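No lab work stands behind these numbers, since they all come straight from the coordinates. Owing to the predicted nature of the structure, the values given are computational and were not obtained by experimental measurement. Here the Cβ positions follow ideal geometry from the backbone for every residue, glycine too, while neighbour counts run over all protein chains shown.
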Amino acid sequence: MGALNNNNRSRPIHQRTSLTYRKGKTRLRPLSLKQLDEIMQKEKTGKRFDAAKTVYEQKIASGVVWNRPAQAEETE
């Protein structure tokens, strides 16, 4: 493994945050239930939805609590 010098510091894998994997995908485990719920609402189906749902259910099972805000019904 080569040394981390100025020549290879400009590579994208060294310019990432701790919330992403090497290839740029978002890490789901550190996200809150609210953020996971937003991902699930946005995606609806697919791999990303399934991954977010799995992490969401794991957090619920471990005792993390988040109450989705109730939507106010507008009646005129």
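Filtered by the rule that a residue be over 17 Å from the mean Cα position of the chain (by Cα) and either surrounded by 10 or more Cβ atoms within 10 Å (Cβ to Cβ) or closer than 15 Å to Glu38 by Cα (or both), segment 50-69 gives Asn67, Arg68, Pro69. Can Thr54 be described as of a type in the set (S, T, N, Q) and part of a loop (DSSP other than H, G, I, E, B)? Taking the combined requirement at face value, the residue does not satisfy it.
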